[in-house]
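Structure first, then comments.
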Amino acid sequence: MLASLIALFIVIGIFFLLLAVAGLAVEIWAIVDVAQRPESDYAGVSLDRTSWLILLVVLCVLAGPVGLGVAIYYLAAIRPRLNSRN
C-alpha cells in the first residue's frame, strides 16, 4: 500500500516537472523570438520590441504563470501578425 502511494506521488511529481519544463520552454521561445526580430517589425503592433522583451523577461522571472500567459499570448496573437508582414 505504501509503495503504491509513493509510486503515485513520483508519477504526479514527474508530471508537474514536465509541465514546468514545457512552460519554461514556451517562455524561452517567446523571449528568443522577440530578441531576434528587428525593431522595425513591431511597427503597428500594440507594443514595441523593447517593451515586449522587458514585459516577457520580468513577468517570466517574477510571476511565472502570468509570464507564461503573456508568452502564450505573444506566440499566438502577436507573432503570427509579425510573420504575416515579412
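The values are calculated or read from the model by the stated rules, or taken from the named source; none is laboratory data. Note that the structure is a prediction, hence the values are computed from the model and not measured. Neighbour counts run over all protein chains shown; Cβ positions are idealised from the backbone, glycine included.
Counting only residues that are farther than 13 Å from D33 by Cα and of a type in the set (G, A, S), which one in the range 57-86 is farthest from the chain's Cα centre (by Cα)?
Applying the filter and picking the extreme gives S84.
How do the pairs read when you match residues in the range 40-52 that are surrounded by 14 or more Cβ atoms within 10 Å (Cβ to Cβ) with residues anywhere that are in a loop (DSSP other than H, G, I, E, B), using Cβ under 7 Å and keeping only pairs 6 or more apart or on different chains?
From residues that are surrounded by 14 or more Cβ atoms within 10 Å (Cβ to Cβ), the pairs are Y42/D48; R49/R37.
Restricting attention to the range 40-74, which residues are in contact with a Lys or Arg (Cβ under 7 Å, 6 or more places away or on another chain) and at pLDDT 90 or above? Please lay out each step first, then the result.
In the first step, residues of the range 40-74 are kept if they are in contact with a Lys or Arg (Cβ under 7 Å, 6 or more places away or on another chain); the result is 41-42, 45, 49.
Across the range 40-74, the qualifying residue is only R49.
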